[in-house]
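Let me begin by presenting the structure, written as structure tokens, before commenting on it.
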Amino acid sequence: MYKVDIPINDKESAALERQKNLELQRQSRIFNPRVRTIGVDVTALDQQVQERKQREEEERNRDIAFDELRILEAQALKELEIKEELNKKELEKDIVKFRNTFQRREDGRDFDLNDFRGHHMEPPARISDTDPRCGPSGLQIFEGEDLREKIRTKVQKEENERILSLQKENNEWKKAAQKYADHMSDRKLIDLDMRALHLSQLEEEFKKAINMSLADYNKALAQESSERQRIENEKEQEINLMDIWGQLTSDLLTENPEAARQSLWGHHRILVDRWKGMSPEEREEIERQRREQVAEKKRLNAEANESAAEWDRQSVLVTTIGEQLQKKQEEKVKELRGKLDRYNQQLAREQQSHQRFLDKELYKNEPTAQYFAQFNTTSR
């Protein structure tokens, strides 16, 4: 069979290259006797345990902070809902008050026609024979006479004026009601905008607080590192000066001035023939100082390694927090896009339903050419 080279993508090639590099690094560690470690590195394991505990503590603190933020957001949403309910109740109260004040049933134009009690309150045409409205003949009115023409004309004029006034007031009430409804609608839109703005401000404040805390933490780390470096430099200078001074004043260079120094006319000189070398105490002192210097050097190296590890851990922590914030923002954007897609799909379904109604229900009898052909066929 022929050998076929199957193409691989970039991810697989990168994974193969990474495995190859890890294998080369492992070979370099195992085959190099200088860096090879036989047995268990207890110090490294303890350090890993400490790092894991510290990482768990940081994750626990971060979860607590996120829980507190979620509680604050829930409280803010609850307050907004309460405020919206209060505004809704106030609006309903204002509408009821407006109707009771400007839209009463007895103020209607046709109330007198539909009021069954008004007919009972009207006086009859004739109460008795002694009714002063009746003339000597006992009749209500004679044919051809109109004795109440002026009063009737006046009453009709007043009635027309009253009807016009009622119509004017009704139109003004309608305008006021429409204006009030528009005002309440604008207030509702403003409340919704303020709610969205408040939520946006809360999110911005949360981001600013996180950024400020990270900046303060990085600044404190930088100051601590700078102070530690300054102290180390000062200690190193003191150690160097002490080393130089110790070398200059040691018995090795002075050759035991207490035993071989002689004062002559105010001057000191060394008697070479009397100097017997360093004593065991002097040698022990030199050895002690050397051990102290070695221990101090080890301590300084350990502090430097610990500082470097702390810097690496903080860098990883900052990177992790940044990735989490970016992931959270991407999830919010994805959620908003999902809502927008669902809203667009709902609009599309409504438009399709309306179009089907127009095509199948409203415009189902479409005129044909035969319908238009029946017009203008004759001179009449």
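Just grab the label-to-label distance for Lys97 and Lys208, each label 7 Å out from Cα along the Cβ direction, in nm (one decimal). About 3.8 nm separates the two model spin labels. Computed 3J(HN,Hα) for the stretch 189-195, one whole-Hz value per residue from the Karplus formula 6.51 cos²θ - 1.76 cosθ + 1.60 where θ = phi - 60°, is 5, 5, 4, 5, 5, 5, 5, glycine and proline marked x. Summarising the amide proton neighbourhood of Gly108: residues at separation of 5 or more, or on other chains, whose placed amide H is nearer than 5 Å comprise an empty set. Among the protein heavy atoms, those of Arg109 account for about 150 Å² of accessible surface (1.4 Å probe, every chain in place).
Sorting check: for 156-164, 174-182, which peptide has the highest mean count of neighbouring beta carbons within 10 Å, and how do the rest follow?
174-182, 156-164
For the stretch 180-249, the carbon plus sulfur part of the accessible surface works out to 58%, probe radius 1.4 Å.
Pairs over the 29 Å Cα-Cα cut-off, from the set Lys78/Lys207; Lys175/Lys339; Lys97/Lys188; Lys208/Lys339; Lys78/Lys208; Lys78/Lys334: Lys175/Lys339. Ranked by solvent-accessible area (1.4 Å probe, protein heavy atoms only, all chains present), the residues His354, His198 order from largest to smallest as His354, His198.
The values are calculated or read from the model by the stated rules, or taken from the named source; none is laboratory data. In this text, all values refer to a predicted model and were calculated from it rather than measured experimentally. Every residue, glycine among them, receives a Cβ derived from its backbone with ideal geometry; neighbour counts consider all protein chains shown. Surface accessibility is based on the protein's heavy atoms, side chains included, excluding ligands, DNA and RNA. Shrake-Rupley method; radii C 1.70, N 1.55, O 1.52, S 1.80 Å.
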